[in-house]
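What follows is one structure encoded as structure tokens, with my remarks underneath.
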Amino acid sequence: MKSLLTTHQLEARYGDFQALFGIDMHIQEGDAVALIGSNGAGKSTLMKSLCGLISVAPDSVLLDGQPIGGLPSHEIVRRGIAMVPEGRKLFRSLSVEENLRIGAFAQRKGPWTLERVFALFPILKEKRALPGTSLSGGQQQMVAIGRALMSNPKLLLCDEISLGLSPAVIQDIYAALPSIRAEGLSVVIVEQDIDTAVRSAKHVYCLMHGRVSLHGASDAVSKQQISAAYFGLE
Ligand code: ATP
């Protein structure tokens with residue numbers, strides 16, 4: 001499989017505070033990667049570093065072999081990385097449909113159109129004219145995912161998509177992932193629930209205190225290895 005995104009010794013800082021140290025990550029085309037780790041491990045910081053919300057060294061992030069570290073986020077979307085942010089962050093004054101259409105600003109060509117998103121999440125078609133923020137939490141998450149897909153990304157970054165949702169709704173959202181990946185997209189999922197993350201991914205990266213504490217194929221890492229890497233237990 002072809003390499004899509006790599007990070008080389010990626011470091012990220014908030015002022016004097018260093019949040020990420022020497023992160024080497026490899027994502028292949030069509031890959032599904034789970035990024036796990038306890039609170040404050042650096043998962044969101046890594047996602048933000050990949051999509052331009054935090055400035056990092058140019059050569060520390062390569063997309064299709066091209067340095068993209070530190071580019072503005074609109075340029076990174078244009079090159080093919082879209083983020084589903086933690087907390088969904090829909091535009092309050094806009095309808096469901098308008099929220100989705102905003103995702104298409106990058107005008108990248110690809111399979112994802114409004115109709116394709118409505119086919120993936122039919123409830124959004126029914127509610128297309130309603131304010132996005134009037135929907136249930138799970139439906140708002142579908143809008144956030146649909147909005148990211150509308151930019152026709154090569155790589156979709158999903159930050160805590162199940163936060164605050166019921167198990168049944170989480171199942172509905174995760175059920176959409178195979179259709180999304182069937183379009184050839186690579187996906188990175190940040191998830192608190194380790195079992196859900198590992199089950200839905202081909203590869204797992206675990207962070208601890210800003211460093212990669214474990215990585216491997218999800219069917220090759222044991223629960224004990226994950227516990228050790230996640231909690232620092234031996
Ligand atoms: P969570 O699961 O709680 O979201 P996380 O693994 O995503 O945790 P990050 O949010 O990336 O972790 O935080 C990594 C470290 O960076 C933590 O020590 C956190 O306190 C710190 N941090 C995060 N955002 C900022 C910020 N804006 N300014 C300063 N420090 C920050």
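Results, tabulated for the structure shown:
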item	result
Per-q log10 I(q)/I(0), the chain, q = 0.08, 0.10, 0.11, 0.12 Å⁻¹ (Debye; single scatterer per alpha-carbon; no solvent)	-0.28, -0.43, -0.53, -0.63
Estimated dipole of region 12-151 in Debye, rounded to 20 [Cβ of Lys and Arg +1, of Asp and Glu -1, Cα centre]	540 debye
Selected from Gly184, Val169, Gln139, residue furthest toward positive end of dipole (region 133-234; charges at beta carbon)	Gly184
Column: log10 I(q)/I(0), Debye, Cα scatterers of region 73-145, q = 0.12, 0.13, 0.17 Å⁻¹	-0.30, -0.36, -0.61
Qualifying lysines (Cα of each under 16 Å from Cα of Lys127; at least 8 residues distant if same chain)	none
0 to 90° range, to nearest 10: angle between helix 137-149 axis and the chain longest Cα axis	80 degrees
Average projection area in nm² (convex hull over Cα atoms of region 1-88, one quarter of hull surface)	6.0 nm²
Estimated dipole of the chain in Debye, rounded to 20 [Cβ of Lys and Arg +1, of Asp and Glu -1, Cα centre]	640 debye
Length-normalised contact order of region 3-118 in % [C-alpha pairs under 8 Å, at least 6 apart]	20 percent
Mean ellipticity per residue at 222 nm, deg cm²/dmol - from DSSP H runs of n ≥ 4 across the chain, formula -39500 (n - 2.57)	-8500 deg cm²/dmol
Stretch gain in nm, segment Ala175-Phe105, where the contour uses 0.36 nm per residue and the Cα spacing is subtracted	22.5 nm
Which listed pairs, of Lys2/Lys223; Lys154/Lys223; Lys48/Lys223; Lys89/Lys125; Lys43/Lys109, have C-alpha distances above 23 Å, in listed order	Lys2/Lys223; Lys154/Lys223; Lys48/Lys223; Lys43/Lys109
Heavy-atom surface of the chain, accessible at 1.4 Å and reported per residue (Å²)	46 Å²
Burial ranking of peptide ranges 205-216, 167-178, 121-132 (average Cβ count within 10 Å, highest at the top)	205-216, 121-132, 167-178
Rg/Rg_globular for region 128-230, with Rg_globular taken as 2.2 N^0.38 Å and Rg from C-alpha atoms	1.17
Computed over the chain: relative contact order in percent, which uses C-alpha pairs under 8 Å that are six or more apart	26 percent
14 Å beta-carbon shell around Gln171, net charge (K/R +1, D/E -1)	-3
Positive-end residue of Leu90, Gln107, Gly80, charge dipole of region 57-130 with Cβ unit charges	Leu90
For region 144-222 versus region 107-125, the gap between their alpha-carbon centres in whole angstrom	20 Å
Whole-percent carbon and sulfur share, accessible surface of the chain, 1.4 Å	53 percent
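The values are calculated or read from the model by the stated rules, or taken from the named source; none is laboratory data. Not measured: the values here are computed from a predicted model. Heads up, the Cβs are rebuilt from the backbone with ideal geometry, glycines too, and the neighbour counts pull from every protein chain shown. Heads up: the accessible areas ignore ligands, DNA and RNA and are worked out on the full protein's heavy atoms, side chains in. Shrake-Rupley method; radii C 1.70, N 1.55, O 1.52, S 1.80 Å.
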